[in-house]
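Here is the structure we will look at, set down as structure tokens.
The values are calculated or read from the model by the stated rules, or taken from the named source; none is laboratory data. All values derive from a computational prediction rather than experimental measurement. Glycine also receives a Cβ, built like all others from the backbone with ideal geometry; neighbour counts cover every protein chain displayed. With ligands, DNA and RNA removed, areas are computed over all heavy atoms of the protein, side chains included. Shrake-Rupley method; radii C 1.70, N 1.55, O 1.52, S 1.80 Å.
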Amino acid sequence: MRFGLSRLILLLLVPLISLPGCEQPQVEFVFSKKTNELMPQAAKPVKEALLNHFGNPFALTQFEGLPTDFGDIQGTVKSVEPSEKDQPLIRFHVTGLENTYHKLQGLPLKWTSGKGQGQVLRIKSYKYETSTVAVEKSAEITPQAGDTFLVECVRLQQGRDLYNRHCMHCHGMSGEGTGPTSRYLNPPPRDFRLGIYKYTSTKPTKKAQNADLARTVKEGIAGTYMPSFKLLTDDEVSAIVNYVVWLSIRGETEKKMVDELFQEYSKEELAERTSEEGGETKEEVLEELKDFMEEDFPDTVEFATSSVADAWEEANLEDSVVVPREPRVADTPESRERGRKLYLSERTKCATCHGPQGRGNGTATQDFWTNPVTNQKYPDRGLHDIWGNQLSPRDLHRGIYRGGRRPIDSYRRLFSGIKGTPMPAFGGSLSDQELWDLVNYVMSLPYDGNR
């Protein structure tokens with residue numbers, strides 16, 4: 001009882017950190033374990049690049065080419081308040097920001113005309129009631145009535161605030177899946193930083209669409225602690241999705257940069273290279289690293305950011321969605337029987353994981369599987385996902401479909417598999433009729449007491 005009460009209190013209190021009137025926690029985005037296993041001289045440029053491209057949780061930054069909706073807002077200086085010489089801030093009244101998200105503190109303000117054109121300052125405060133902006137004084141920038149500016153990342157900031165209120169306590173500040181309530185949840189919250197989402201409408205090699213993530217936020221995930229947020233407006237859900245995608249892009253960018261450096265410049269590799277067998281000195285390794293940082297690392301950063309952004313942009317194209325070539329086969333006893341035979345066949349090997357009767361107790365649950373990243377056996381029997389969590393194959397008789405209850409949802413699970421898990425894709429090996437027969441069979445199991 002004591003544990004249950006403590007957990008309840010924690011669940012109720014943690015979201016309060018982002019309620020109006022409460023100060024935001026002064027935290028930073030966390031870096032991956034692999035980043036921190038780099039030599040300090042290699043990790044530092046990675047962290048600096050992430051800071052330059054993404055900022056920190058309370059000073060967001062954007063860069064060109066991202067497929068997220070930053071929501072830059074145009075404003076105009078209406079008048080400038082007089083200020084004392086020793087005052088650190090300058091305040092001015094503006095127009096153009098009246099109908100936008102009003103929590104603008106910390107966002108970049110870029111001057112688009114006037115003496116400071118092209119310069120960027122951070123907003124220190126914004127009073128919505130009086131349309132008053134405060135920024136640090138600068139010798140290069142002296143705002144005048146009529147000067148124009150852009151407030152950048154407004155939409156992103158709205159998504160951040162909604163995420164901090166509704167999502168952060170499970171998924172973590174950086175989307176790493178280790179928020180303060182995550183330790184109590186099984187399955188654990190998703191780590192967004194790999195950019196992999198299980199339940200999508202897209203083809204096997206494609207990212208999730210924004211519509212997929214919006215549907216997950218609205219509907220929740222059945223059989224897990226991921227709740228439905230149907231009480232949020234479509235605009236609020238869209239802002240959260242926008243921010244979650246941005247967190248994923250940040251995490252994937254970090255991974256690509258670190259992967260480029262890790263083989264040569266991890267702490268472990270440094271120890272090996274400078275050992276008696278390695279024959280190098282630390283100074284030689286650092287000199288090599290310095291040359292890499294000067295000559296190659298800028299291209300590494302450019303490739304990492306652009307390739308990740310392109311992948312997310314492509315996911316939202318129409319041809320990325322799995323659309324059946326043939327309409328659903330009628331759900332008849334004959335179709336279900338064909339599906340049953342496919343289910344038990346060597347072509348699909350569904351029974352290997354889900355069991356001959358679909359109870360989730362196939363022989364694969366008793367095997368020791370190999371981690372594809374480390375090439376070492378998992379310490380526990382059974383299947384695991386890409387995040388290292390142990391998986392139980394779905395008991396198909398329970399009628400709980402985490403990716404959605406519609407027949408098209410089951411078709412897409414079969415066509416594309418479930419990304420990040422051992423559930424394979426059959427879109428390239430089964431015809432549409434065969435896929436629909438399998439859908440009809442699997443979706444009949446909760447209602448067939450004979451199996």
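Details
- S431-N36 FRET efficiency (beta carbon distance; Förster radius 60 Å; 0.05 resolution): 0.80
- Convex hull projection area averaged over all views, the range 104-206, Cα basis, nm²: 10.3
- Inter-centroid distance (Cα atoms) of the range 42-108 relative to the range 208-257, Å: 24
- Applying 0.36 nm per residue to the separation of R122 and N375 and subtracting their alpha-carbon distance, the gain on full extension is 86.4 nm.
- Sum of -39500 (n - 2.57) over DSSP H runs of 4+, divided by residues of the chain (222 nm, nearest 500): -11500 deg cm²/dmol
- When you restrict to C-alpha pairs under 8 Å that are six or more residues apart and normalise by the size of the chain, the relative contact order lands at 14 percent.
- Carbon/sulfur fraction of accessible area - the range 73-152, other protein chains in place, 1.4 Å, %: 48
- Spin-label model, F368 to E314: label points 7 Å out along the Cα-to-beta-carbon direction sit 3.9 nm apart.
- Heavy-atom accessible surface of the range 106-189, averaged per residue, reaches 40 Å², computed with a 1.4 Å probe.
- All aspartates and glutamates inside 16 Å of K115 as judged from Cα atoms, apart from same-chain residues fewer than 8 positions distant: E136, E140, D147
- On Cα atoms only, tilt of 40-54 relative to the major axis of the chain in degrees: 80
- Estimated vicinal HN-Hα couplings, Hz - the range 211-224 in sequence order (Karplus 6.51, -1.76, 1.60; Gly, Pro = x): 5, 5, 5, 5, 5, 5, 4, 6, 8, x, 10, 4, x, 10
- Straight-distance crosslink candidates among aspartates and glutamates, where the alpha carbon sits under 17 Å from K282 and sequence neighbours closer than 8 are dropped: E37, E264, E268, E269, E272, D291
- Each pair of Cα atoms in the range 73-152 enters the Kirkwood radius, and Stokes-Einstein at 20 °C and 1.002 mPa s then converts it into a translational diffusion coefficient of 174 µm²/s.
- Under 5 Å from the amide H of L391 lie the amide H atoms of L383, H384, D385, each residue being 5 or more positions distant or on a separate chain, with H modelled from the backbone and absent for Pro and chain starts.
- Among 363-374, 49-60, the order from most to least packed when residues are scored by Cβ within 10 Å on average: 49-60, 363-374
- Derived scalar couplings between HN and Hα for the range 130-136 equal 10, 6, 10, 10, 10, 9, 5 Hz in order, rounded to whole Hz, by the Karplus curve 6.51 cos²θ - 1.76 cosθ + 1.60 (θ = phi - 60°), x for Gly and Pro.
- For the listed residue pairs K47/K137; K207/K230; K203/K230; K198/K349; K47/K267; K218/K255, the alpha carbons are over 18 angstrom apart in K47/K137; K207/K230; K203/K230; K198/K349; K218/K255.
- Estimated FRET transfer efficiency when R0 is 22 angstrom, pair A139-T76 (beta carbons, to 0.05): 0.45
- At R0 = 51 Å, FRET efficiency that the Cβ-Cβ distance of E287 and D331 yields, to 0.05: 0.15
- Residue order for F292, F31 - accessible surface, 1.4 angstrom probe, largest first: F31, F292
- The 3J(HN,Hα) values that the Karplus relation (6.51, -1.76, 1.60; θ = phi - 60°) gives for the range 419-435 are, in residue order, 4, x, 10, x, 5, x, 9, 10, x, x, 10, 10, 6, 4, 4, 5, 4 Hz. Gly and Pro appear as x.
- Computed from label points 7 Å out along Cα-Cβ, the spacing between Q263 and E346 is 3.7 nm.
- 15 Å tail of the calculated P(r), the range 203-278, as % of Cα pairs: 70
- Translational diffusion of the chain, µm² s⁻¹ [Kirkwood Rh, Cα pairs; Stokes-Einstein; 37 °C; 0.692 mPa s]: 130
- Largest first, the extents of the alpha carbon coordinates of the range 160-320 on the three principal axes equal 62, 39, 29 Å.
- Remark on I123: its backbone amide H falls under 5 Å from those of G106, L107, L109, a criterion applied only to residues 5 or more positions apart or on other chains, H modelled at 1.01 Å from N.
- The range 305-451: C-alpha gyration tensor shape, a/c 1.5 cut-off, then a/b vs b/c: oblate
- Only the Cβ atoms of Lys and Arg (+1) and of Asp and Glu (-1) were treated as charged; on that basis the dipole of the range 160-320 about its Cα centre amounts to roughly 1760 debye.
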